[in-house]
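In what follows, a single structure is set out as structure tokens and then discussed.
The values are calculated or read from the model by the stated rules, or taken from the named source; none is laboratory data. Bear in mind that the values here come from a model prediction, so they are computed numbers and not experimental data. As a convention, Cβ positions derive from the backbone with ideal geometry for all residues, glycine included, and neighbour counts pool all protein chains shown. Quick note on the areas: whole protein, heavy atoms, side chains included, nothing else; ligands and nucleic acids left out. Shrake-Rupley method; radii C 1.70, N 1.55, O 1.52, S 1.80 Å.
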Amino acid sequence: MRGWVTGTGGRELNRLAAYNVMDHVQTAVIHGLTDPTRWLSLHHDAFWMSYQPASRFWIFQGVEAVVLIGLAVLFSFATVRCIRGRARA
């Protein structure tokens, strides 16, 4: 999951600017002036969020498992070959 704030023109704000915007939003909400979405909209800002849906979880887990098992097998063969090479010398 990743979230970011965009300013006027749709460019992602740096961390300091994003904290500044979110501080203004929080202050406006505390004082009961408006809801966060409306405040951001009035100031031409937006908060975006990106995430991976739960349906992809097992696909990612399967791919990771295959890669890690493949690396384990590769390193096992390399270790056996290295040990056999030293035993002959």
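Some values worked out for this structure:
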item: Computed accessible area, Ser55, all protein chains, 1.4 angstrom probe, square angstrom; result: 90 Å²
item: Angle between the chain longest axis and helix 15-30 axis [Cα atoms, degrees, rounded to 10]; result: 50 degrees
item: Heavy-atom SASA rank of Trp58, Trp4, Trp48 (probe 1.4 Å, accessible area, largest first); result: Trp58, Trp48, Trp4
item: Heavy-atom SASA rank of Thr79, Thr6 (probe 1.4 Å, accessible area, largest first); result: Thr79, Thr6
item: Cα long-axis angle, helix 57-88 against the chain (0 to 90 degrees, to the nearest 10); result: 30 degrees
item: Long-range HN-HN contacts of Leu13 with modeled amide H, under 5 Å; result: Val5, Thr6, Gly7
item: Accessible area in the full protein assembly, largest first, 1.4 Å probe, for Met22, Met49, Met1; result: Met1, Met49, Met22
item: Cβ-based net charge around Ala18, under 11 Å, with every Lys or Arg adding one and every Asp or Glu removing one; result: -2
